[in-house]
Every structure is written in C-alpha cells, then in structure tokens.
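**Student:** Right, I'll just put the structure down here and ask away after.
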C-alpha cells in the first residue's frame, strides 16, 4: 500500500465511482444521494489534504497572537498565560497535526477565559477592544475556513473566496473580500 494519503484517497474515490456507485440500485434515491455526497466529500478532502497541517499551524499562531493581544488589553492585567509549551511545539522539527489541534483547543479555552474576564467589565473600553480583537481574528479565520471548504460549492459569495494556498497569507489588514 502506498503511504501517500492523497493517492490512497484518489484510489478509493475511483473504486466508488467505477464499482460501487454503478452497483447501487438507481431506484434507491437515499443510497444514490449518500454515495454522491461521499464522492463529493472525498474530492474535497483530496483538495484539502496538502493544506490541512498548515491550516492547523496557521490557526495556532493566530490564536497565540490573539491571546497576547487580549492579555495586553485587559486591566488589571491577568496572569499572562504560559504559552511556552505551545510555542515550543510549533518550533519542533517534526510537528504532529494532532498535537497542534490539541494546542488549538487549549488556546481557544484560554481565549474564552480572557473574554469572560473582559465581559465581567462589560461596557468598558477594554471589553470593546477585546471584542474587536476577537472579531478581527474571526474575520480572518472564517475567510480561511471558507477557502478550505470551497469545494462544497455551497458558499453564498464564491467570488470573494481565495484559493486555499492563498488563505494562509490572510491578515486582519486585508479588506473583507478576496485578496
């Protein structure tokens, strides 16, 4: 078996298209629909596979920046979250996607805690600034997410999508549309 995941997925897709799909009862609309959804999903995963790791790493770096930005806004300053383990993870020569995904979950928990601290001072200038920082992060992440799942064909504004490869360069300085 070839270790190339994209190649294996392409082989599975070929089997579905050439053998399984033609064998499904054409009168079984649910089975036909599910088979076509599976084919479409596999096609999208094949498009995404080369970018999945970079997607997680890029998000982790953006979350580190967001935590630092929120921490700098809050007064009195919260205990600065220790991000050294996450930064060390990103600096490893061999970086496992599952580890980065776990770090992303941890970073999101830290962001949630910091936002809760800001919300406790609701109506203040710092809460407004924290909200702006989170929304700026989300704007970029949503545009990156949209690029990543563009293969579904369900985006309501496909003309504003950027290619997956270009989505890693998106920043909060970009305008709301395509770069």
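**Student:** What full-extension length gain, to one decimal in nm, is calculated for residue 136 and residue 154 as 0.36 nm per residue of separation minus the Cα-Cα distance?
**Tutor:** Gain on extension, residue 136 to residue 154, equals 4.1 nm.
**Student:** Another question, then. Using alpha carbons only, how many degrees (0 to 90, rounded to 10) separate the axis of helix 52-73 from the longest principal axis of the chain?
**Tutor:** 20
**Student:** Could I ask something else about it? On a 0 to 90 degree scale, rounded to 10, what angle separates helix 125-148 from the longest Cα axis of the chain?
**Tutor:** With both axes taken from Cα atoms, the answer is about 20 degrees.
**Student:** Further question on the same structure: For the range 1-153, taking Cα atoms only, what is the radius of gyration to one decimal and the Dmax to the nearest whole Å?
**Tutor:** 21.3, 66
**Student:** What distance in nm separates the two pseudo spin-label positions at residue 68 and residue 6, each 7 Å out from Cα along the beta-carbon direction?
**Tutor:** 3.2
**Student:** If I build a Gaussian network model for the chain, linking alpha-carbon pairs within less than 10 angstrom, which residue out of 33, 125, 138 has the largest mean-square fluctuation?
**Tutor:** Most flexible of the set in this elastic network: 33.
**Student:** Calculate the spin-label point distance for residue 15 paired with residue 61, positioning each point 7 Å from the Cα along the beta-carbon direction, and give it in nanometres.
**Tutor:** The two pseudo-label positions are separated by 3.7 nm.
**Student:** So how do 150-158, 53-61 stack up, highest first, on mean other-Cβ count within 10 Å? Could the numbers behind the result be given before it?
**Tutor:** Values: 150-158: 11.7, 53-61: 18.3.
Listed from highest to lowest mean packing, they are 53-61, 150-158.
**Student:** Turning to a different aspect of this structure: How high is the relative contact order of the chain, given as a whole-number percent (alpha carbon pairs under 8 Å, six or more residues apart)?
**Tutor:** Worked out over the chain, it gives 22 percent.
The numbers here are math on the coordinates, done by the rules we state, and not lab data. Everything numeric here is computed off the predicted structure, so don't read it as measured data. Every residue, glycine as well, gets a Cβ built from its backbone with ideal geometry; the counts of neighbours run over all protein chains shown.
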